[in-house]
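First comes the structure, then the notes that go with it.
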Amino acid sequence: MKRHAPSAERNRDPLLAVLRELMPSRGTVLEVASGTGQHAVFFSRAFPELVWQPTDADPTALESIEAWRQEEGPPNLRAPLALDVSTPPWPVESADAMVCINMIHISPWEACQGLMRGAARVLSPGGPLILYGAYFIEGRPTAPSNLAFDASLRERNPAWGVRELGAVTAEARANGLELDRVVDMPSNNFTVVFRQHR
């Protein structure tokens, strides 16, 4: 049941460096689309003062997250919850920060819309929504690897694909979330941070 993603091992340390600048001093972090559970274990261990709540829509992912939690999880890592961002209500009513890694491009656009609506509902005022992944950014050259990645995603599922950051930002703004920063990451990825300003 315990799954392993090599990419999670590669990106966790660069992500941690960014998260250290963004996380609240206390409270609950809602991780959306936790996947294998590797990130949940790693980040909850790095932030022992925070409650880390992993979620996923995929039952096999939930099994993997729980297997990682049972084997290596610290006390502040909660049992995973089933969460389809497109389908309210969510099983979590409030969070002080949200983290969503590599979901928006491997899901239909409706998932991005649902994520923004849900973040607007559950995030505390000023709380960050932290996204990580590949994006197309207007005015910046696109890495050939991201063009190839986009093509491979759309081949697997026409509803998937690398998103335009402008479109993601517009969706966030429509739900009361403002763009806070865009951080360049290794392998032509980005960390994108929105803030709840309600």
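Out of residues 5 or more away from Thr55 or on other chains, whose amide H comes under 5 Å of its own, with H placed 1.01 Å from N in the peptide plane?
For Thr55, whose amide H was placed from the backbone, the distant partners under 5 Å are Glu31, Ala33, Ser34, Leu81.
Run the dipole for region 85-198 about the Cα centre, Lys and Arg Cβ at +1, Asp and Glu Cβ at -1, nothing else charged, and hand back the magnitude in debye, nearest 20. Before the final figure, lay out the partial values.
On the way: 10 positive and 11 negative charges, 21 e Å.
Rounded to the nearest 20 debye, it is 100 debye.
Ala170 to Thr60: extension gain in nm, 0.36 nm per residue of separation minus the Cα-Cα distance?
Values: separation 110, 0.36 × 110 = 39.60 nm, distance 3.24 nm.
The span from Ala170 to Thr60 would gain 36.4 nm if fully extended.
Which whole-number percent gives the relative contact order of region 46-198, counting Cα pairs below 8 Å spaced six or more residues apart?
It rounds to 21 percent for region 46-198.
By DSSP, what percent of the beta bridges with both residues in the chain are antiparallel, rounded to the nearest 5? Walk me through the numbers before you get to the answer.
Working: 14 of 33 bridges.
Beta bridges within the chain, antiparallel portion: roughly 40 percent.
Rounding to the nearest 20 debye, state how big the charge dipole of region 5-103 is about its Cα centre with +1 on each Lys and Arg Cβ and -1 on each Asp and Glu Cβ.
Working: 7 positive and 14 negative charges, 54 e Å.
It comes to approximately 260 debye.
Return the sequence-ordered ³J(HN,Hα) values of region 40-46 in whole Hz as given by the Karplus equation 6.51 cos²θ - 1.76 cosθ + 1.60 applied to θ = phi - 60°, using x for Gly and Pro.
So the J values, rounded to whole Hz, are 4, 5, 5, 6, 5, 5, 6.
Specify whether the C-alpha gyration tensor of region 27-87 places it in the rounded, prolate or oblate class, a ≥ b ≥ c being the square roots of the eigenvalues: rounded for a/c under 1.5, otherwise prolate if a/b is larger than b/c and oblate if not.
Working: a/c = 2.32, a/b = 1.35, b/c = 1.72.
In terms of gyration-tensor shape, oblate.
Could you give the dipole magnitude of the chain about its Cα centre, charging the beta-carbon of Lys and Arg +1 and that of Asp and Glu -1, in debye to the nearest 20?
Numbers: 19 positive and 23 negative charges, 43 e Å.
With only Lys, Arg, Asp and Glu charged at Cβ, the dipole is about 200 debye.
Report in % the part of the accessible area of the chain that belongs to carbon and sulfur, leaving out ligands and nucleic acids; probe 1.4 Å. Numbers along the way, then the final one.
On the way: 4760 of 9070 Å².
Carbon-and-sulfur percentage of accessible area, whole number: 52.
Quick one: net charge of Glu63's neighbours, Cβ under 12 Å, K/R +1, D/E -1?
Working: positive: Lys2, Arg3, Arg69; negative: Asp56, Asp58, Glu66.
Residues near Glu63 contribute 0 overall.
Within the chain, which is the longest segment that contains none of the GluC sites (Glu not before Pro) sitting in a DSSP loop with at most 12 other Cβ atoms within 10 Å? Mind showing how you got there, number by number?
Working: sites that count: Glu49, Glu93, Glu138.
The longest uninterrupted stretch comes out as 139-198.
Ignoring everything except DSSP H segments at least 4 long, calculate the 222 nm mean residue ellipticity for the chain; use -39,500 (n - 2.57) per segment, divide by total residues, nearest 500. Mind showing how you got there, number by number?
Values: 6 runs with 77 residues, N = 198.
After summing the helix terms and dividing by residue count, I get -12500 deg cm²/dmol.
The values are calculated or read from the model by the stated rules, or taken from the named source; none is laboratory data. Treat the numbers as computed from the prediction; the structure is a model and nothing was measured. For neighbour counting, all protein chains shown are included, and Cβ atoms are generated from backbone atoms with ideal geometry for every residue, glycine included. These area figures cover heavy atoms from the full protein model, side chains too; ligands, DNA and RNA do not enter into them. Shrake-Rupley method; radii C 1.70, N 1.55, O 1.52, S 1.80 Å.
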